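A quick write-up on the structure given underneath.
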Amino acid sequence: MADRKPASSSVDARTAIEQFQDHLAPKLDVYEQAVYLYILRHSRLVGKPQVTIELKSLRSKIAHGLGKQGSRVAQKTCDGKLRSLDAKGCIQLLPNRGEGTPVRLFLPSEIPGLTGPGRSEEPAELEELDFFNVARNRRLILEREGGRCFYCLKKINESNFVIDHVVSRPTIDDSYRNVVATCRRCNNRKGESAAEDLLRVLYREGYVSADDLSYRLTALSDLRAGRLKPGKKGLRD
């Protein structure tokens with residue numbers, strides 16, 4: 001990913017938007033879509049291969065949030081969406097050399113396997129892989145979460161993350177649809193309770209905002225529907 005660069009600064013806006021809507025949007029949540037389109041507008045559509053994003057400006061311009069009285073999207077949410085877009089290969093977060101976050105955006109046609117005749121569905125074997133016990137697959141779940149706890153969005157890494165079963169009973173399901181990367185605090189607090197209950201507790205105690213709660217519940221729904229697939233690279237039986 002580090003050496004992948006946009007093919008050209010010249011963009012056919014109509015094609016880019018059509019490919020975004022037809023191929024990329026179904027793989028993103030509504031906040032990820034809004035952030036992606038904002039970056040597209042300020043980079044590739046005006047001939048810039050990359051752009052520096054200022055989170056305060058981003059949150060004020062992309063959309064109203066889903067929280068109380070349509071409040072603006074939280075800055076923490078915007079930061080999380082930049083990281084999740086990076087994890088999904090839609091953008092590349094570049095080294096920060098000052099204020100703002102340098103970002104390189106990839107058009108839908110530049111995201112491997114997304115568009116064109118070579119595009120294919122995920123292999124059925126993905127559903128059978130163990131993402132709880134296989135170390136390399138566990139790391140792919142951490143990457144899918146963008147290096148943040150699935151529940152409270154706290155930053156986590158390979159030295160302190162835990163893989164949690166969203167539903168642990170009556171049978172254990174180790175597939176990517178039922179495991180998430182979390183911090184130890186959330187893993188311990190959840191136990192065998194419902195993930196939705198933990199998220200609402202975190203909201204009541206101030207660990208997550210109303211916006212965070214809304215999009216984590218959406219992410220939970222996407223997880224169960226199989227829309228949060230981990231990357232193919234490094235998969236092991």
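Read-outs: derived from the displayed coordinates by stated rules, not from any lab. Quantities reported herein were computed from a predicted structural model and do not represent experimental measurements. Cβ atoms come from the backbone with ideal geometry, glycine included; neighbour counts cover every protein chain shown.
Quick one: which residues, 5+ away or cross-chain, put their amide H under 5 Å from the amide H of R72? H built at 1.01 Å from N. Under 5 Å from the amide H of R72 lie the amide H atoms of G65, each far enough along the sequence or on another chain. For the stretch 196-207, 3J(HN,Hα) computed residue by residue from phi via the Karplus equation (6.51, -1.76, 1.60; θ = phi - 60°) reads 4, 5, 4, 4, 5, 5, 4, 5, 4, 8, x, 6 Hz, glycine and proline entered as x.
Shape class of the stretch 140-218 from the Cα gyration tensor (axes a ≥ b ≥ c, square roots of the eigenvalues): oblate, since a/c reaches 1.5 or more and a/b does not exceed b/c.
Label-to-label distance for R185 and R136 is 3.4 nm, based on points extended 7 Å past Cα in the beta-carbon direction.
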